[in-house]
1. So is Glu6 of a type in the set (D, E, K, R) and surrounded by 11 or more Cβ atoms within 10 Å (Cβ to Cβ) or not?
2. Would you mind stating whether Gln34 is under 29 Å from Asn2 (Cα atoms), of a type outside the set (A, V, I, L, M, F, W, C) and either within 10 Å of the chain's Cα centre (by Cα) or at pLDDT 95 or above (or both)?
3. Do we have Asp37 as closer than 15 Å to Gln92 by Cα and in contact with a Gly (Cβ under 9 Å, 6 or more places away or on another chain) here?
4. Tell me which residues, restricted to region 88-103, are part of a strand (DSSP E or B) and touching an Asp or Glu at 6+ places or on another chain (Cβ under 7 Å).
5. Among the residues of region 34-74, which ones are crowded, with 17+ Cβ neighbours inside 10 Å, out of contact with any helix residue (DSSP H, G or I) (no Cβ under 9 Å at 6 or more places or on another chain), of a type outside the set (Asp, Glu) and in a loop (DSSP other than H, G, I, E, B)?
6. Of everything in region 60-97, what is touching a residue at least 60 places away in the same chain (Cβ under 8 Å) and hydroxyl-bearing (Ser, Thr, Tyr)? Give them in sequence order.
7. If you check every pair at least six apart or on different chains, which have Cβ atoms under 9 Å apart with a residue in region 1-30 that is within 19 Å of Ala106 (Cβ to Cβ) first and a residue that is acidic (Asp, Glu) and part of a loop (DSSP other than H, G, I, E, B) second?
Amino acid sequence: MNIGPEITVPSNFVGDGVVLDLPIVSNPMIVQVQANDPDDAILTFRWTVPRATELPEITDFKTNAGDWVSVLHLPAEFVQTGDTISCTVTDQAQPRRNQVEIIWEAEVL
């Protein structure tokens, strides 16, 4: 049985459909997702930034501990209060891939 990715960062992530607060306090704002896969499958990350006029800088890597990390460098001009930013984490296990979506609502401070 293929088990889906487990999200460890953001630490307040409780599951699909729960919207987290994202206070925009710097430019660029650094948004990070860290996950692992109980089945040791490769994880991929897909970020959605609705107001982005170009692809924001994203860095993905695997830690020595085996966790997968994706870091979004979110320019302040790509976001307004109330915008929804999301990251979908997908394992690459076959025959069925599992996905977990993390959703934030931005608040420009």
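The values are calculated or read from the model by the stated rules, or taken from the named source; none is laboratory data. Predicted model only: the values in this text are computed from it and were never measured. In this analysis, Cβ positions are derived from the backbone assuming ideal geometry, glycine residues included, and neighbour counts consider all displayed protein chains.
1. Details: of a type in the set (D, E, K, R): yes; surrounded by 11 or more Cβ atoms within 10 Å (Cβ to Cβ): yes.
Taking the combined requirement at face value, the residue satisfies it.
2. yes
3. Here the answer is yes, as Asp37 does meet what is asked.
4. Thr88, Asp91, Val100, Glu101 - these are the residues of region 88-103 that are part of a strand (DSSP E or B) and touching an Asp or Glu at 6+ places or on another chain (Cβ under 7 Å).
5. Ala41
6. Thr84, Thr90
7. Taking only residues 6 or more apart or on different chains, the pairs are Val9/Asp67; Leu22/Asp83.
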